[in-house]
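Structure first, then comments.
The values are calculated or read from the model by the stated rules, or taken from the named source; none is laboratory data. These figures come from a predicted structure and were not determined experimentally. Calculation scope for accessible area: heavy atoms of the full protein, side chains included, ligands and nucleic acids excluded. Shrake-Rupley method; radii C 1.70, N 1.55, O 1.52, S 1.80 Å.
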Amino acid sequence: MNNYIPNEVKDLTASKQRVMQNVVKELENTSRRSKHKWRFVVISAVLTISAILFVFNEILLENEQQSATEIQLDFTKPTFSEEQGLLHLHGVTLGDSQSKVIERLGENYTIDDHEDGSVADFILDYDGIARFYFYQDKLETIIFMKVDKIYFDKLFKAYDGFKFLTSTTDNDRYIYSTETGQLLKATIIPNGDLYLYLMNGGKDLLENPDFPKIEQILD
């Protein structure tokens, strides 16, 4: 029989407390790391969703602006302006690219290939009443058909640049840029419709013997 009796029994309370404190600290650290991790995940998700919503909103806004532009355009009443000698109808002028015309006027067009025998590479046709003729991707000629006569009368009268009538029986009206040679012609065809033509007349147009004689220069 073993008669060994230990002289002293160690007090393990302090050791147990240290172990428990270490365990508690590790659990707390794990909890903090988990919270930080979840916080990072949540922030990343919020940022990703925000970016998607921003892009989506930009696309919607662009489409709305495009639709608004198309709705506001009235091809029977083309807006007219002059900038540095360049004549603009509905914001486009001769020399503009196809992409610029489409950006300004919208995508509600059809493409005609030499249907009327012109030398243009192609023609953008809007609603059958506005045609834009391109050569080497540059706008060469613009034709607006069925223009509102009262509207153009007011426009022509209000224009304070160089304008004139010719001696033709149709009494065609012209707006001419002596700076660039661009010429806007307004004529009434036999069926009574008013047509507007924007073309390059040339800087020496007024000296051209083949051009109809000017009947009256208007102030």
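Taking 0.36 nm per residue of sequence separation and removing the Cα-Cα distance, the ASP112/ILE188 pair yields an extension gain of 25.0 nm.
Fully extending the segment from ILE214 to ILE43, taken as 0.36 nm per residue of separation minus the present Cα-Cα distance, adds 54.2 nm.
Measuring with a 1.4 angstrom probe and ignoring ligands and nucleic acids, ARG173 comes out at about 50 Å² accessible. For the range 103-217, the solvent-accessible area of protein heavy atoms averages 56 Å² per residue (probe radius 1.4 Å; ligands and nucleic acids excluded). In the complete set of protein chains, residue-level accessible area for PHE122 is approximately 40 Å², probe 1.4 angstrom.
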